[in-house]
Amino acid sequence: MANYSTNQFKNGLKVMIDGEPCSMVDVEMVKPGKGQAFTRVKLKNLMSGRIWERTFKSGDSVEGADVMDTDMEYLYNDGEMWHFMDPNTYEQVAADATAVGDAHKWLKEQNTCMITLFNDNPISVTPPNFVELEVTETDPGLKGDTAQGGSKPATLQTGAIVRVPLFINQGDVLKIDTRTGEYVSRA
Amino acid sequence: MTINSAQWQPTASMENLRKRAAILAQIRAFFAERDVLEVEMPLMSQCAVSDPFLDTIETRYSDYIGAESYPLYLQTSPEYAMKRLLAAGSGAIYHLGKAFRNGESGSRRHNPEFTMLEWYRPGLDDQALMDEIADLVTSVLGIETVERCSYAEVFERFLRIDPHQASLDELVAETRKHVEIDLQDDDRDTWLNLLMSHVIEPKLAELEAVFIYDYPASQAALAKVKTDVKGQPVAARFELFVNGMELANGYHELTDAEEQKQRLLKDQQTRAQLGLPQRPLEVRLVSALEAGMPDCAGVALGVDRLVMLALGAEAIQDVIAFPVEHA
């Protein structure tokens, strides 16, 4: 991979820090009134998700990370691994629980997810911002209560539990915002 | 850099640009009322700034089209030229115009071409000039007062160390507690700067507006060196921070020609050691000081940042119509 010098640093740049792939979240030049300039970078470790800050002297360089985001279709879970397929090449990859993380709650077969590959191995899975999932279990709906007040838990087909309005019934298909994990509407 | 034809629009809103114009008018009115003369200084010079950590943008000029070209340097501050005017008997003067610094972009606080307000007051020292700066800044920003803290006091207050007495090892150890950086450097000032920019400056936001004065003598630049109340040699230099952002840098100006010459030569030496370009030194400044520059205080203030603060803007790009990426 190429090396990147501090003047090439920018948000989203993927680099290797202490042997692990990281993404730059925020880049700020720091220049004292008198004295040499530094580049202060907020980094996200793409393996662990940890976010922290590191400072570089102007002109320092770091190695780029072979990290690629690619859209893939979710196929199935075999009890241990989650399997995805590139819809163009039909190439398949299997992601473990660490890579999938919380995304497993929103994975529905045939949905397109963004898979982050590091040296061709999946290290994280980002579900679509909105997914439509069926309610498999909830208290019976209250007739007439369509708008105001009150909520109850509902279990969705993926196992996720979300707060929903009282009028929702088992079998309803709901639109969920995966970034917040919140109910949006009936689909 | 690639040119994107779709990106023709300014990054600043028209409302911000109108407010910016009003602030520029307010600055000119402030100095007109105080009888400080507006002067226009050359943006291109045959000499460049000596400071090893400022990089001058070089342009090339031909005396007639087709003639061999030679370098002219875009000013990083009108300081040298203004001091030549002071020595020629100008009295109090200010300059409101563009300054240029290479490599200063990619930040919400920097644009390589920026607007600088610089002014000089014969007969005033650094503390007296701070009063005048406070008058201007409080009226533009609509704030009550500007506090004052010495460099030693802020280090004591936020880090419990004495920046003048602490050893290199102590400064390195303290920095490593707060800042993750892969760096070997035996210059105390590097570590003091890291502590200042990474630890203290963010905390200065608590104070809203504050002058930090009496910098280490090693960071004097073009300020006089004096002795503080504890007998410590310090630079008669100050910086103004508002909401943790550096806004101005000022000095009780060095008037000693020999000392000025030595500092220019020392900067040039440092440049050589660091493998930085050797550019013509402003020897006419030394001659001006020899002829006699009045005892005075001077300050440079970043106008784009002042506008950012007045408007509550997050980024310098919000107050400049066409920042470098769009210029």
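The values are calculated or read from the model by the stated rules, or taken from the named source; none is laboratory data. Just so you know, these numbers come straight off a predicted model, no measurement behind them. Note: ideal-geometry Cβ built from the backbone for every residue, glycine included; neighbour counts use all protein chains shown. Keep in mind that these areas ignore ligands, DNA and RNA; they rest on the heavy atoms of the full protein, side chains included. Shrake-Rupley method; radii C 1.70, N 1.55, O 1.52, S 1.80 Å.
Using only the Cα atoms of chain B, what are the Rg and Dmax in Å?
In Å, with Rg to one decimal and Dmax whole: 20.2, 62.
In nm, to one decimal, how far is the B:Thr227 label point from the A:Asn7 one, both placed 7 Å along Cα→Cβ?
Taking the simple label geometry, B:Thr227 and A:Asn7 are separated by 4.6 nm.
Among the aspartates and glutamates, which fall within straight-line cross-link reach of B:Lys98, defined as a Cα-Cα distance under 16 Å, with same-chain neighbours fewer than 8 residues apart omitted?
B:Glu38, B:Glu40, B:Asp55, B:Glu58, B:Glu79, B:Glu113, B:Glu118, B:Asp304
Could you work out the percent of alpha carbon pairs in segment B:1-71 separated by over 18 Å, rounded to a whole number?
72 percent
Taking R0 as 22 Å, what FRET efficiency do you get between B:Thr138 and B:Lys98 from their Cβ-Cβ distance, rounded to the nearest 0.05?
The formula returns an efficiency of 0.30 here.
Please report, ordered by residue number, every helix of chain B (full DSSP H runs) that is 20 Å or longer along its axis going by C-alpha atoms and whose mean Kyte-Doolittle hydropathy reaches 0.5.
B:126-141
Along the charge dipole of chain B, which of B:Phe53, B:Trp191, B:Leu74 sits closest to the positive end, that is, farthest toward it, with unit charges on the beta carbon of Lys, Arg, Asp and Glu (+1, +1, -1, -1)?
The residue sitting farthest along the positive end of the dipole is B:Leu74.
On average, how much accessible surface per residue is there in the protein assembly as shown, in Å², for a 1.4 Å probe, leaving out ligands, DNA and RNA?
49 Å²
Taking a spot 7 Å from the Cα of A:Leu75 along the direction of its beta carbon, which residues of segment A:88-117 have an amide N less than 11 Å from it?
Zone members listed by number: A:90-95.
Probe radius 1.4 Å, ligands and nucleic acids ignored: give me the carbon and sulfur share of the accessible area of the protein assembly as shown as a rounded percent.
47 percent
In the structure displayed, which of A:Lys57/A:Lys105; A:Lys42/A:Lys152; A:Lys34/B:Lys83 lie more than 31 Å apart, Cα to Cα?
A:Lys57/A:Lys105; A:Lys42/A:Lys152
For the protein assembly as shown, what proportion of DSSP beta bridges, expressed in % and rounded to the nearest 5, is antiparallel?
Close to 95 percent.
Give the cross-link partners of B:Lys230 among the aspartates and glutamates, using a straight C-alpha distance below 13 Å as the criterion and excluding same-chain residues fewer than 8 apart.
B:Glu153, B:Asp162, B:Asp214
First select every other residue whose beta carbon is under 11 angstrom from the beta carbon of A:Ala94; then total the charges, Lys and Arg +1, Asp and Glu -1.
Charge balance near A:Ala94 sits at -3.
Could you please put B:Asp63, B:Asp35, B:Asp318 in sequence from largest to smallest accessible area, using a 1.4 Å probe?
Result, largest first: B:Asp35, B:Asp63, B:Asp318.
Rounded to two decimal places and with Rh computed the Kirkwood way over Cα pairs, what is Rg over Rh for chain A?
Ratio of gyration radius to Kirkwood radius: 1.12.
For the protein assembly as shown, build the charge dipole from Cβ charges (+1 Lys, Arg; -1 Asp, Glu) around the Cα centre, then report which of B:Gly292, A:Cys22, B:Val229 sits farthest towards its positive end.
The Cα lying farthest towards the positive end belongs to B:Gly292.
Quick one: buried accessible area between A and B, total over both chains, 1.4 angstrom probe, nearest 100 Å²?
By this definition, chains A and B bury close to 2000 Å².
Mind jotting down the distance between the C-alpha centroids of segment A:109-187 and segment A:1-55, whole Å?
35 Å
Using amide H atoms built 1.01 Å from N in the peptide plane, name the residues 5+ places from B:Tyr215, or on other chains, whose amide H lies under 5 Å from its own.
B:Ala235, B:Arg237
Given the pairs A:Lys31/B:Lys224; B:Lys226/B:Lys261; A:Lys44/B:Lys177, which span a C-alpha to C-alpha distance of over 29 angstrom in this model?
Where the Cα-Cα span goes over 29 Å, no listed pair is concerned, since all stay within it.
If R₀ is 45 angstrom, what is the calculated FRET efficiency for the pair A:Asp120 and B:Gln9, using the beta carbon separation as r and rounding to 0.05?
Efficiency for this residue pair is about 0.65.
For the protein assembly as shown, what mean projected area does the convex hull of the alpha carbons give, in nm²?
One quarter of the hull surface, i.e. the mean projection, equals 32.7 nm².
Mind checking the dipole of segment B:170-327: about its Cα centre, +1 per Lys or Arg Cβ, -1 per Asp or Glu Cβ, Debye to the nearest 20?
That gives a dipole near 400 debye.
Where the eigenvalues come from the Cα gyration tensor of segment B:89-183, what are the semi-axes √(5λ) of the equivalent ellipsoid, largest first, in whole Å?
32, 22, 15
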